[in-house]
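First the structure, in the form of structure tokens, and then the observations on it.
Just so it is clear, none of the values below were taken in a lab; they were calculated from the coordinates. Everything quoted here is computed from the prediction, not taken from an experiment. Note that each Cβ is placed from the backbone with ideal geometry, even for glycine, and that neighbours are counted across all protein chains shown.
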Amino acid sequence: MISLAGKDILHGWGRFILTAAGLGLLIGVTLSMAGIYRGMVDDANVLLDNSGADLWVVQQGTIGPWAEPSTIPDDLYRSVLSIDGVERASNVVYLTMQVRHGERGIRAMVTGVAPGRRQSDPGQPRFLVAGRTMTAGHYEAIADVSSGLDVGDLVTIRRNRYRVVGLTRRMVSSSGDPMIFIPLRDAQQAQSLKDSDAIVQQRHRREGNPAFNPPGVPGLLDAVNADDASSSAVNAVLVRLKPGASPELAGSAIERWLRLEAYGRAEMQSILVEKLIATSARQIAMFLVILSVVSAAIVAFIIYTMTMSKIREIAVLKLLGTRNRVIASMILQQALGLGLIGFVVGKIAATLWAPFFPKYVLLIPGDAARGFLLVMAICVVASLLAIRAALMVDPAEAIGG
Amino acid sequence: MERTGIAIEQLTKRYGSGQTAVDALKGVDLSVEPGEVVGLVGPSGSGKSTLLKCLGAVIEPSSGVMKIGGSPIYDNRWLAGDLRALRRDKIGFVFQAPYLIPFLDVIDNVALLPMLAGERNGASRERALAVLEALDVAHRARAMPSQLSGGEQQRVAIARALVNRPPVVLADEPTAPLDSKRALGVIGLLNDMARQYETAVIVVTHDEKIIPTFKRIYHIRDGRTHEEAGEGKALYETADYCSGH
């Protein structure tokens, strides 16, 4: 038996391909939406993976350092190092802010880490693809390549300028912003820095306040002002455990003895994925559902229209003795053919335009396979309406009168 | 077994029920021998189309007897279990317009019926080609219907009706859109093919040009038929029709 669907498609292949290509672009958008979600999750995971930490120690009662503000003293890391099972501990400061490169503004997560440490230490910039690590205590920076910066570039963070001495790859925040590493002290200063007018006004206020400027205690005001200009706070301490050490035990010891909050890898992943990007993920999921419904409606409309344009031929086929299953199979095969070509076009389109998205779009084979099955299922469901209409055609319509 | 292409006795068809019932056929008798072409004529609303649909096993009569090739297929109920197979194997159809399947080439349009009957593609195409050769249109076997002239399309439609060698062919106004010469050519072809394939042909028409060509004519009026002898004039030249596009 010849393939009626194949013959029909070949007969009007131009229109069929154009229709499938149009559908394919819609499928491409759907795949891209899934890729955007995957990219967000991957960014979150990359942030955790690249930090090289087993535990994240933050201010008590917070889910910092990314989902909530967290402030802890910068000398607490020494106490953390004394906890059983802790191998390495590093202070980190995270500032999501706008940095400037010439006239260009770059949205970035500025990360303060202690310079001169080993690359494998928790929090340190890993995967250098160009340049070197930071060696100076001030005004050096390492930027992710997605920032568009190059080695030797100067970036302005708050009032200070930093020279980029190294580049990393896939060091991004959970929202996909490139990370720019600067020395810890500079980051602490940037975190607490007030503008000059505010400092002058504050000093005037203190000068007039007898609590800070009591007669006969000349050094007190200067000491208070000096303390105000410096910051000894960090956002988190990243902890690497000794091989075989239990994160639960070490974490509970830190929480118990240091009165801090300690999160393991799974907890931090849960915070990032289920809290920080949850709303965005739900937004994308809604788009995915809507796009799937729209795709199904479009496929149903196309298949129904294609079938209705062949009503006379279907009546003739039925009059000539064609079985219903042959006609249903013809319509179903065309719907599946449309879906198949549409999916191929959509996959190619999504792959081609993914690099042009401002945020990371991760197209994974599993999503493509699931998308393919979904498209095929939608085509089957969408063709049911057309099949029903075709099977209701009266063969008598082929006979006049 | 009777030597009959198609025969019906006291066939009736009632639409609706109760006071609104309409009797479209009120006891129709009709018989056509193999190799014979008869005309079925009547004014609009006389029951021609209803009779054609009953003969084509498209609608179910209300009562009566119908035989094809001597075998009863209807005796107050359908005796054949599969009406699609009955239509495919026992009845050929020629329509007012050719109604060829536009996405199949000529040979597949004709070979489709044997294929639907389960015959292999190669054997089906060989058989289709033989019929197309008999109708002098085999040279267009690989053409698409849209590439054929009106006359060629109608010959392909006749080939499709004959390819399964059915005992009966029903032709519904097959000459309506044609001029006199081509209309007579089609009737010539049907006569030739009816003889060659031993098929009973019923031509439903009110085309006065072709009525004189029938040896027997069934007139239908108000749901009843009466038979009369036709002139049986050979007004046609089949060869002219075959060569003219």
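Key figures for this structure:
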quantity	calculated
Interchain or long-range residues, amide H under 5 Å from B:V28's placed H	B:Q10, B:L11, B:T12
Hull shadow area, averaged, segment A:70-166 [alpha-carbon convex hull, nm²]	6.9
DSSP-defined antiparallel bridges as percent of all bridges, segment A:50-273, nearest 5	80
Cα gyration tensor shape for segment A:50-273, rounded if a/c is under 1.5, else prolate or oblate	oblate
Per-residue Cβ neighbour rank within 10 angstrom, fewest leading, A:D43, B:D23	B:D23, A:D43
Descending principal axes extents, segment A:120-212, alpha-carbon based, whole Å	56, 27, 25
Segment A:50-273, dipole about Cα centre (Lys/Arg Cβ +1, Asp/Glu Cβ -1), debye to the nearest 20	480
Residue exposure sequence - A:M286, A:M171, B:M144 - by fewest surrounding Cβ within 10 Å	A:M286, B:M144, A:M171
Signed unit charges on C-beta, dipole axis of segment A:50-273, positive-most listed residue A:G131, A:Y162, A:A190	A:G131
Residue-wise HN-Hα coupling along segment B:212-225, computed from phi with Karplus coefficients 6.51, -1.76, 1.60 (Hz; x: Gly, Pro)	x, 7, 7, 7, 10, 10, 9, 8, 10, 8, 6, x, 10, 10
More than 39 angstrom apart: percent of Cα pairs within the protein assembly as shown	57
Cα pair count fraction exceeding 22 Å, expressed as % - chain B	52
Pairwise label distance in nanometres, B:D82 with A:V145, each label 7 Å out on the Cα-Cβ vector	6.5
Between segment A:281-300 and segment B:160-215, the Cα center-to-center distance that results, in Å	56
Estimated distance in nm for a label pair at B:K233 and B:M144, the labels positioned 7 Å out from Cα along Cα-to-Cβ	4.2
Overall form of segment B:118-174 per C-alpha gyration tensor (a/c, 1.5; a/b vs b/c)	oblate
GNM flexibility winner over chain A from A:Q189, A:Q283, A:Q119 (Cα, springs under 10 Å)	A:Q283
Shielding by other protein chains, B:56-65, mean Cβ within 10 Å	2
Residues of segment A:157-173 with amide N under 12 Å of the 7 Å Cα→Cβ point at A:L193	A:157-162
The protein assembly as shown - charge dipole about Cα centre, Lys and Arg +1 at Cβ, Asp and Glu -1, debye rounded to 20	380
Highest-fluctuation residue, B:V22, B:V58, B:V110 considered, GNM on chain B with Cα pairs under 10 Å	B:V22
Ordering of A:175-182, A:63-70, A:320-327 by packing [mean C-beta count within 10 Å, highest first]	A:175-182, A:63-70, A:320-327
In range of the label at A:Q119: residues from segment A:169-187 whose backbone nitrogen is under 15 Å from the point 7 Å along Cα→Cβ	A:169-171
Percentage relative contact order, segment B:18-152, counting C-alpha pairs under 8 Å, at least six apart	15
Stokes-Einstein diffusion coefficient of segment B:1-130, Kirkwood radius over Cα pairs, 20 °C, 1.002 mPa s, in µm²/s	129
Amide N of segment A:73-92 lying under 19 Å from the label point, which is placed 7 angstrom from the Cα of A:R256 along Cα→Cβ	A:79-87
Mean separation of Cα contacts under 8 Å, 6 or more apart, over the residue count of segment A:50-273: relative contact order %	33
Nearest-0.05 FRET efficiency for A:K275 and A:N324, computed from C-beta distance (R0 56 Å)	0.55
Ranking of A:L363, B:L135 by count of other Cβ atoms within 10 Å, fewest first	A:L363, B:L135
Other protein chain Cβ atoms within 10 Å, averaged over every residue that makes up B:138-148	0
Chain B - percent relative contact order, Cα under 8 Å, separation 6 or more	27
Three-way shape label, segment B:40-94, alpha-carbon gyration tensor, a/c 1.5	prolate
A:E68 paired with A:M376, simple spin-label distance in nm, labels 7 Å along Cα-to-beta-carbon	4.7
